[in-house]
1. Kindly indicate which of A:Ile95, A:Ile75 is β-branched (Val, Ile, Thr) and more than 30 Å from A:Thr180 (Cβ to Cβ).
2. Among the residues of segment B:311-348, write down those that are open to solvent by less than 50 Å² (accessible area, probe 1.4 Å) and under 21 Å from the mean Cα position of the chain (by Cα).
3. Got a sec? Which of B:Ile158, B:Ile173, B:Ile153 is at pLDDT 95 or above, of a type in the set (Val, Ile, Thr) and open to solvent by 10 Å² or more (accessible area, probe 1.4 Å)?
4. Please specify each residue of segment B:11-40 satisfying the condition of being surrounded by fewer than 16 Cβ atoms within 10 Å (Cβ to Cβ) and among the acidic types (Asp, Glu).
5. Quick check: is even one residue across segment A:286-294 more than 27 Å from the chain's Cα centre (by Cα), loosely packed, with under 14 Cβ neighbours inside 10 Å and not small (Gly, Ala, Ser)?
6. On the given criteria, is A:Arg303 among the basic types (Lys, Arg), open to solvent by 60 Å² or more (accessible area, probe 1.4 Å) and out of contact with any Leu (no Cβ under 6 Å at 6 or more places or on another chain)?
7. Report the residue count in segment A:53-92 for those that are farther than 9 Å from A:Gly212 by Cα and part of a loop (DSSP other than H, G, I, E, B).
8. Quick check on my filter: what residues within segment A:144-177 are within 26 Å of A:Asp23 (Cα to Cα) and either within 7 Å of chain B (Cβ to nearest Cβ) or under 17 Å from the mean Cα position of the chain (by Cα) (or both)?
There are 2 protein chains.
Amino acid sequence: MNTTTASALIRAKVDANIFKYIDERLKQAKSVDDDYERLWREIHTLMGAGGKRIRSRIVLLTYQMLGGEDVESIIPIAAAHELLHLGMLIHDDIIDRDYVRYGVKNIAGTYGDIYATTVKNPEHRLHYAQASAILAGDLMLSDAYQLILSANIEPAKIVEVQKIFGNGIFEVIGGELLDTEAVFRGEGAASSEKIALHKTASYTFSLPMLVGACLAGASVAQRMQVTTFAQNLGIAFQLRDDVLGIFGNEDETGKTNTGDIREGKRTYMIEQFYELASDDHKQEFDQFFGKNDISNEQARRVRQLLIASHALEATEQAITRYTQKARATISAMGVEPAYLGELNELIILATERAK
Amino acid sequence: MNTTTASALIRAKVDANIFKYIDERLKQAKSVDDDYERLWREIHTLMGAGGKRIRSRIVLLTYQMLGGEDVESIIPIAAAHELLHLGMLIHDDIIDRDYVRYGVKNIAGTYGDIYATTVKNPEHRLHYAQASAILAGDLMLSDAYQLILSANIEPAKIVEVQKIFGNGIFEVIGGELLDTEAVFRGEGAASSEKIALHKTASYTFSLPMLVGACLAGASVAQRMQVTTFAQNLGIAFQLRDDVLGIFGNEDETGKTNTGDIREGKRTYMIEQFYELASDDHKQEFDQFFGKNDISNEQARRVRQLLIASHALEATEQAITRYTQKARATISAMGVEPAYLGELNELIILATERAK
């Protein structure tokens, strides 16, 4: 069996575990009230609508490549990362005022429709739709912890995993706060690299890799190498995300490619633009960037300016640089040779993806 | 030592544990960024501004009254309930559009001030202030789980406690959803009793009591009695809360007594009003109730109508009824006689409080 087939099989197992869990909650929610069941149905729909399941894959890959042998027993721990991720996305979308995720309406988007008949005032309707999304995100966050508890491993290991999990959440929320404040803080804001480190690298890479390493019984030295690898790959991943946020194909990414422009999100690419662009171009850029009611034509012009200034190119070079740094640590991690191929696939997925 | 002194001592220990934890996070947050530290400072301030610490007290009281003897070791688990509670309040306040809690500005309220210089548009400022509050609530929810992990008990017990904890969170969020939807659902909404059961009884009473019972090694029969006691006392507590939400003294409660009127919150007392009031009074009531820009004079009139219709009286009677039902289960719970006095204090605190 090649690694692609193996990882497809594992993904199917992770998904089966996730949906078994959500379906149990659906039943429990129905016994409370049909309206509570409805919220869980929407969670089910959103979870099924997309997602690369990259975090669960990283947990399992790291576990295996560091010598872990009982994949079955830790599937729920891998799945927990997807619940956490959905919760973070749901809350992130409220903060970013996005209503579409994975090409479908997210919780706030769907509840905007559900409440259309009962809440006539559009402003109030939006508020209540966001309230449902706050609650849905809370459920995912709590149930991520619950899914970890359901793993068939010794309780002492569960406690150890949960501590790593909590530190990952602490990190990602710090990154999320800095990211949000960067939108309006301008010059005084945290650097895009710091944000990428805490918001993405920590939670999408370091967290699942450290959980996998812990479960595999990795040494302290191995865990430190794993962290270095994860941080570099994570920053590359975030830079790719920033590029896709503006240059992505909406049909492929399933999310808007004007949101970051409207919000005026100060990514590394934007920092590069202000380093590299001519004063004329900066002036023109500033007219459109961060403008809430931007036209498609104006968004196109923003993209042209990012290309003309070589800011896009500089970002692509940074992606390559961080990816190379990550690759340089692989031998020191002590990876089982059988998993080098899959690790390479992960690196490519993280840094060269189009969605 | 009498029980009041003992419970004051225990409260001091719970608070010491809570703030030790928050202070550690403060330091970690500072190493991320000063702006992240600021969020934790605001959490610290809000936690210190008030709170009856009723949930932690219930955990410890239940543990002791069912025979538990090592209070020190489970203090962090009691404290975890206060972190969870603060998180739920922070999110609840976003949903209710309240900006004051414990007589001081809550997270969204404080961040409205903090962002005043950088975000000129008041609507955007409010949005970002709420974003900070979403993140602060997420931190409390996750760190409630983390605090449980820090208890000095066997890991298998930690796993058991966390499962109860997760079910409590599942319940309270269901209740919160129904409560929110009841504001605008009108006739089709879930009954106030159902909401009280899931939103308050489950989480303020059943959850901490079941956690305490679990830690004390209570039998299944005892746990069932504990649940019956908790559900009845919890409904009485919620009814008292509803009365205070409209008739409370703002200086004592530390929160607005017009918010529920403005939101048109359909509590048991309001249901009773529609049962008992004359058609003229109902018509007059409907002009004011649920009106966002209500005057103090109109709010006073709402209160007069609730008194004149005997809706307030009927609610007080229901509080008495549920409290008596709770008392009737005490003997079956198998309470250590030394703790009967403190249990009685708890009942009085829950049902006769003025804040």
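1. After ruling out the rest, the residue left standing is A:Ile75.
2. Hits for segment B:311-348 are B:Thr315, B:Ala318, B:Ile319, B:Tyr322, B:Thr323, B:Ala326, B:Glu342, B:Leu343, B:Leu346, B:Ile347.
3. Details: B:Ile158 fails: open to solvent by 10 Å² or more (accessible area, probe 1.4 Å); B:Ile173 fails: open to solvent by 10 Å² or more (accessible area, probe 1.4 Å).
Only one candidate passes the filter, namely B:Ile153.
4. B:Asp23, B:Glu24, B:Asp34
5. Checked against the condition, which is being more than 27 Å from the chain's Cα centre (by Cα), loosely packed, with under 14 Cβ neighbours inside 10 Å and not small (Gly, Ala, Ser), segment A:286-294 yields at least one hit.
6. It is false that A:Arg303 is among the basic types (Lys, Arg), open to solvent by 60 Å² or more (accessible area, probe 1.4 Å) and out of contact with any Leu (no Cβ under 6 Å at 6 or more places or on another chain).
7. Final tally of qualifying residues: 4.
8. Once the filter is applied, which keeps residues that are within 26 Å of A:Asp23 (Cα to Cα) and either within 7 Å of chain B (Cβ to nearest Cβ) or under 17 Å from the mean Cα position of the chain (by Cα) (or both), segment A:144-177 yields A:Ala144, A:Tyr145, A:Gln146, A:Leu149, A:Pro155, A:Ile158, A:Val159, A:Gln162, A:Phe165, A:Gly166, A:Ile169.
The values are calculated or read from the model by the stated rules, or taken from the named source; none is laboratory data. Model, not experiment: these values are computed from the prediction. FYI the Cβ positions are ideal-geometry reconstructions off the backbone, even for glycines, and counts take in every protein chain you see. The protein model used for the area step is the full one, side chains on, heavy atoms only, and it has no ligands, DNA or RNA in it. Shrake-Rupley method; radii C 1.70, N 1.55, O 1.52, S 1.80 Å.
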